[in-house]
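These notes are about the structure you will find just below.
Every number here is computed from the coordinates shown, using simple stated rules; none is lab data. None of the values given here were measured: they were computed from a predicted structure. Note that each Cβ is placed from the backbone with ideal geometry, even for glycine, and that neighbours are counted across all protein chains shown.
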Amino acid sequence: MTDVPDDAIAKLYAVPLNAFTRERNALASALAKSNRAAEAKAVRQLRRPSAPLWAANQLAHTDGERLDAYLEGVTEVRRSQLRDPRAAAEGLARQRRDLHHLVRRAGELLARHGSRATPDMLRRISDTLLGAAVDADRAGELRQGRLQQELAAPGFEVLAGGGRAGHLQLVHGGKSAPMDAPRGPGEEAAHQRGHAAQQKEEAARQRRDAERARAEAAGRERKEAAAREREEAAARRREEAAAREREMVERRAAIEQAEQEARDLGERLAAARRRLTELRRAAKSTPRRRPTS
């Protein structure tokens, strides 16, 4: 997508997920009207991001400082892993905290925009953040909120700055040794066992973090569902009470109208009776005329 300006991609990936297609087509039409056919074609080919990818990109806008700290922290851990194991261990702890926060925040953004933050989605967000952290180009795209594909999580040895096991050596006491210094068979085996144990421990930590994030997301979802049910029940009760009140008002108005009509009829009946009485009196007082012969 080299024909698409980076700022255009970042702008598109910042819109709500359900508005992406509409905004993409509008941008393509605007570029076409400006005689930028190649860019318009490239924009139309941009695929709607998946929900996890969209959420990861939103972090650049909502939690930019935390995202920068996380990405820089991974880089620093990889640099210090050999020269200062203690600093590397502290950096890994910070990295896990930042990653946990970012994944949780991305899940909240999904929920806020109507998408269910499932455990699988949270795992994919975590994998994408981990994958971007060890790739300078992808990290730059993520910082600008324009990462265009989900990423796989790297292995622990990549996060820790290593390559092949035989080329990693933890150095204690602040003195360095050559990275490729030859080792005896026993020393090499012990080193590989230690490195494998490190990898296993870190993988277990990451699994626990992911499980905790999934459990927290599920717990938040249950609480939100319960809160929605309470709100809906309260709204129904308010509507029912309002309906009963309207019905009572209408009934009172109908009663008052009927009473007024009864009063009007009574007054008309009394007036008619008075008129009848007057006419009868007048008839009795009128002298009868004798017939003429």
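Quick notes on this one:
- Label separation (Arg205 vs Arg66): 2.0 nm, computed from points 7 Å beyond Cα along the C-beta direction.
- FRET efficiency for Arg251 and Glu108, using Cβ-Cβ distance with R0 set to 51 Å, rounded to 0.05: 0.60
- Under Karplus coefficients 6.51, -1.76 and 1.60, residue-wise ³J(HN,Hα) of the range 101-110 in Hz, glycine/proline x: 4, 5, 5, 5, 5, 4, x, 5, 5, 4
- Cβ-based net charge around Arg238, under 14 Å, with every Lys or Arg adding one and every Asp or Glu removing one: 0
- Here the gap between Arg263 and Ala283, fully extended at 0.36 nm per residue and compared with their Cα-Cα distance, gives a gain of 4.2 nm.
- Here the extension length gained between Lys223 and Arg273 equals 10.6 nm, from 0.36 nm per residue of separation less the Cα-Cα distance.
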